[in-house]
Amino acid sequence: MPTASIDFTLATFTMIFLVMGAISGINMVAEPYIKPVAHDQERYGQLGRYMLLSQGNPADWGSGGIPTGLGFSSEGGAYELDIDKVTRLNPSNAYAINYSSLWQALGVDDVSFRIEVETLFDLALNLTSSQGQGNATVYTFSALTASSGYPVQAQLSYYVALRNSTYSATGSTDRMGLGSIQFTLPDSQNGTALLVSMAKMSGSIVSYDVLPFAHNSGEPKASGTYAILNPLNHVLDVDLQQGATAWNAAVLTKNYAFNLTSNGANYTIPHLLDASPMIIVLTGANSSDCWAEWVAYPQVPLEIGANMSDDYAVSDVVAVTYVVGIEGASYRLTFKFRSPAAYD
Amino acid sequence: MTRRGAVHTLDAFLAASIIAMALLYAAQTPRERDYIGEETLKGEGMQALVQLNGNGTLGRLVEARSWGELEQVLRIALPGGVSFNLTVFDEFGSPLNNVTISNGGLVGRTVESLEYLLAVESGVCPLYRVRLQLGG
């Protein structure tokens, strides 16, 4: 074979490998910046559906213990989640499960994840004004209902919990998502009060907000100063702090408000048919203050899982969003998945 | 044909083969990305309809012809970056909604359509076909 032919053949193959290598290299470098590959997206979607459609192992792990299989479903229909399994995802609950246990229960070694649960729209309460009127004070509050900045029209229930009393009223927000309400509280009472409001947009789509405010007293202390409330398995576990004494516990939902009966140091939470989150309010006193603490049941909004805030820069985090039901009310649940091994 | 001419023909043939192979190989990645977008949109839309139907909201709003409220519910239930257009058909295929149920038209690189069969609990148990078009 002449030397020219050998040169030509070598040059041809070199050129082929260079072109193929360049294309392959560009694809590899650009891939994280474009979108995840199909099999990752599909795999993450299947992982999310598995966790939402299975009950986990044991099936009643929401009431206690560490699960060996991860699933949040209740015995209800598709995408209906167990109130206690969701509550145990909230790190502020004393019975919460940490991310390490969740990750081991899922059993997929090369995937890290983060779970976020929130209401489908937001309700924000603000104290607009307070004015003395004889032996009482009139408080005016504003309410704003919106979803991702888009105003939402909703029907609202308002409650004010102060010492042993609960005052209630109803209202609505207009097409701009704005509403207001007034409460008149007697000056014979004083202490930290809680304004609790539930907003219902339609059917099962509800949201809530809680606003502590001072009534003839000093500014409200941070949540958890006098009592830490841990709802689970329809029992409210109360951990009193700083020598505080509990006076009254009440459950507030969109349509109902009633007091709870004490069961020693705990309170039994009833099963309700109302499609609404429950806000549990506990009032009491210590040597100097009349206080009010609260907790939501299910204990949402919540976030738990791997920290992925730094990883968006390389766009290898896949977020999968679902609308789920918990005790008749709808919430948005977002899974964020990432495979560190694939990137590192 | 001279020997030099034959070599040039071979050169051209090899060059054309290399370019064709490179184009074929490079074309694989964009096709895969489009597929992902479609599946994600469809999945999100279908899951939202399943959940809204599961708690009775979808059937109640369709049966009551509350198109404005249905639009508000979809705005909240679907992710923020997704545009939608929904049409409700009766059992004979005639559209029922006399107003547009949309958040401003279909916008996005990918537009997908899915259909959902809806049975409503009532005296006559009507069936509806819900067509949800999504853009994102």
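FYI, it's all coordinate maths here, none of it is from the lab. From a predicted model like this one, the values you see are computed outputs, not experimental measurements. Because the Cβ atoms are built from the backbone with ideal geometry, glycine has one as well, and the counts that use them run over all protein chains shown.
Ellipticity at 222 nm from helices only: DSSP H runs of n ≥ 4 in chain A, each -39500 (n - 2.57), divided by the residue count, give -6000 deg cm²/dmol. Here the 3J(HN,Hα) profile of the range A:318-328, calculated from phi with Karplus coefficients 6.51, -1.76 and 1.60 at θ = phi - 60°, is 9, 9, 10, 10, 9, 9, 10, x, 10, 6, x Hz, Gly and Pro shown as x.
Apply 1/(1 + (r/R0)^6) to the Cβ-Cβ distance of residue A:8 and residue A:28, taking R0 = 35 Å, and write down the FRET efficiency to the nearest 0.05. It comes to 0.70.
Volume per residue for the protein assembly as shown equals 209 cubic angstrom (convex hull of Cα atoms). Beyond 18 Å, the tail of the calculated P(r) for the range A:50-163 holds 65 percent of the Cα pairs. Both radii come from the Cα set of chain B: Rg as radius of gyration, Rh as Kirkwood radius; their ratio Rg/Rh reads 1.38. Normalised by the number of residues in chain A, the mean separation of alpha-carbon contacts (under 8 Å, six or more apart) gives a relative contact order of 19 percent. Within 10 Å of the Cβ of each residue in A:112-121, the mean number of Cβ atoms contributed by other protein chains is 1. Cβ-to-Cβ counts within 10 Å put A:115, B:76 in ascending order as A:115, B:76, the fewest first.
With R₀ fixed at 22 Å, the C-beta to C-beta distance from residue B:65 to residue A:172 puts the FRET efficiency at about 0.50.
What trypsin sites (Lys or Arg not before Pro) does the range A:92-187 have in DSSP loop regions with at most 14 other beta carbons within 10 Å? Intermediate results must be reported in sequence, preceding the final value.
On the way: sites: A:114, A:163, A:175; in loops: A:163, A:175.
The qualifying sites are A:175.
Pairwise alpha-carbon distances in the range B:73-121 exceed 12 Å for 70% of all pairs. Counts of other chain beta carbons within 10 angstrom of each beta carbon in peptide B:49-62 average 5. More than 20 angstrom separation, counting every C-alpha pair in the range A:144-296; what % is that? So the portion of pairs separated by more than 20 Å is 50 percent.
For the range A:20-29, the Karplus equation 6.51 cos²θ - 1.76 cosθ + 1.60, evaluated at θ = phi - 60°, returns couplings of 4, x, 5, 5, 4, x, 5, 4, 5, 6 Hz by residue, with Gly and Pro reported as x. Computed from the C-beta positions of residue A:265 and residue A:225 and an R0 of 22 Å, the FRET efficiency is 0.75 to the nearest 0.05.
Counts of other chain beta carbons within 10 angstrom of each beta carbon in peptide B:72-81 average 6.
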